[in-house]
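Participant: Please find one structure pasted underneath; my questions will follow.
The values are calculated or read from the model by the stated rules, or taken from the named source; none is laboratory data. None of these values were measured; they are calculated from a predicted model. Positions of Cβ are generated from backbone atoms using ideal geometry, with glycine treated the same way; all protein chains shown enter the neighbour counts. When the accessible area is computed, the model is the full protein with side chains, heavy atoms only, and any ligands, DNA or RNA have been set aside. Shrake-Rupley method; radii C 1.70, N 1.55, O 1.52, S 1.80 Å.
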Amino acid sequence: MQQIADVRMALGSFGARGWLVAAGAALATLLAIGIPTAIVNNPLFVRMTAVRAQDYGIWLATGLLMGLIAGTFVRPAPASYQGNIISGGLLTVLAVGCPICNKLVVLLLGISGALTVFGPAQLYLGVLSLVLLAWTFRLRVRAVVQAVRSVR
């Protein structure tokens, strides 16, 4: 229960500026991942396989978590978690991208390997990315709560 109270305190400390940053970061994340992976239809990238329901779920959850993490950076609090954020974002790109559109995967596994080996593994990459981002959010919440309590 203390963790829920900490999250509520951290989110309550966002203010209008924090929520604006969170919304902007979430939108930027969704576009930065959705356009090159062709989850968002666009003329720049063509997807060779259909978008799966898991791709949408992982993509949206990543946008939400990245937005919330960005919102925690508005309030001054110690931070050293940027590597986790970048890793979570890159894993999400691998998790939601077209398996046969990834040149490295096709080079290493071939097209049939990309579809039969890498395709099913993408769900696990997505879950790993969300766990990493959720953990980063938890660490940021802890830092923000400590900063808020030290001011009081």
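Participant: Select from the range 18-65 the residues that are among the β-branched types (V, I, T), under 18 Å from P120 (Cβ atoms) and either open to solvent by 30 Å² or more (accessible area, probe 1.4 Å) or modelled with pLDDT of 95 or more (or both) and list them in ascending order. Full working, then the answer.
Facilitator: Of the residues in the range 18-65, the ones among the β-branched types (V, I, T) are 21, 29, 33, 35, 37, 39-40, 46, 49, 51, 58, 62.
Next cut, under 18 Å from P120 (Cβ atoms) only: 37, 49, 51, 58.
The answer is T49, V51, I58.
Participant: Give the residues of the range 33-55 that are free of Cβ contacts under 8 Å to residues at least 24 places away in the same chain and under 30 Å from V141 (Cα atoms), sorted by residue number.
Facilitator: I35, A53
Participant: Is it fair to say V7 is within 13 Å of M66 (Cα to Cα), β-branched (V, I, T) and surrounded by 15 or more Cβ atoms within 10 Å (Cβ to Cβ)? Quick ask: steps written out before the conclusion?
Facilitator: Details: within 13 Å of M66 (Cα to Cα): no; β-branched (V, I, T): yes; surrounded by 15 or more Cβ atoms within 10 Å (Cβ to Cβ): yes.
Judged against the criteria, V7 is not a match.
Participant: Ok, one more. In this structure, does A26 turn out to be assigned to a helix (DSSP H, G or I), of a type in the set (A, V, I, L, M, F, W, C) and over 20 Å from the mean Cα position of the chain (by Cα)?
Facilitator: Working: assigned to a helix (DSSP H, G or I): yes; of a type in the set (A, V, I, L, M, F, W, C): yes; over 20 Å from the mean Cα position of the chain (by Cα): no.
For A26, the condition - assigned to a helix (DSSP H, G or I), of a type in the set (A, V, I, L, M, F, W, C) and over 20 Å from the mean Cα position of the chain (by Cα) - is not met.
Residue-by-condition table, conditions (1) under 18 Å from D6 (Cα atoms); (2) assigned to a helix (DSSP H, G or I); (3) open to solvent by 50 Å² or more (accessible area, probe 1.4 Å); (4) touching a residue at least 60 places away in the same chain (Cβ under 8 Å):
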{"residue": "V74", "(1), (2), (3), (4)": "yes, no, no, yes"}
{"residue": "P99", "(1), (2), (3), (4)": "no, no, no, no"}
{"residue": "L139", "(1), (2), (3), (4)": "yes, yes, no, no"}
{"residue": "A143", "(1), (2), (3), (4)": "yes, yes, no, yes"}
{"residue": "R149", "(1), (2), (3), (4)": "yes, yes, yes, no"}
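Participant: Quick one: L68 ticks every box in (1) surrounded by 18 or more Cβ atoms within 10 Å (Cβ to Cβ); (2) at pLDDT below 90; (3) under 23 Å from V145 (Cα atoms); (4) not polar (S, T, N, Q) except a single one, so which number is it?
Facilitator: The number of the failed condition is (2).
Participant: Within the range 101-142, how many residues are over 15 Å from the mean Cα position of the chain (by Cα) and aromatic (F, W, Y)?
Facilitator: The qualifying residues number 1.
Participant: Please go through the range 91-145 and give me each residue that is within 19 Å of D55 (Cα to Cα), touching a Pro at 6+ places or on another chain (Cβ under 8 Å) and of a type in the set (A, V, I, L, M), ordered by number.
Facilitator: Answer for the range 91-145, where residues must be within 19 Å of D55 (Cα to Cα), touching a Pro at 6+ places or on another chain (Cβ under 8 Å) and of a type in the set (A, V, I, L, M): V93, V105, A114, L115.
Participant: Examine the range 109-132 for a residue that is modelled with pLDDT of 90 or more, open to solvent by less than 40 Å² (accessible area, probe 1.4 Å) and at positive phi, and state whether such a residue exists.
Facilitator: There is at least one residue in the range 109-132 that is modelled with pLDDT of 90 or more, open to solvent by less than 40 Å² (accessible area, probe 1.4 Å) and at positive phi.
Participant: Regarding S87, is this residue within 17 Å of D6 (Cβ to Cβ) and open to solvent by 40 Å² or more (accessible area, probe 1.4 Å)?
Facilitator: Numbers: within 17 Å of D6 (Cβ to Cβ): no; open to solvent by 40 Å² or more (accessible area, probe 1.4 Å): yes.
Judged against the criteria, S87 is not a match.
Participant: Can you tell me which condition Y56 does not meet? The list is (1) under 20 Å from A22 (Cβ atoms); (2) in a helix (DSSP H, G or I), and all the others hold.
Facilitator: (1)
Participant: Then there's this: Against the conditions (1) without any contact (Cβ under 8 Å) to a residue 12 or more places away in the chain; (2) assigned to a helix (DSSP H, G or I); (3) touching a helix residue (DSSP H, G or I) at 6+ places or on another chain (Cβ under 9 Å), where does I86 fall short? Just the number, please.
Facilitator: For I86, the failing item is (3).
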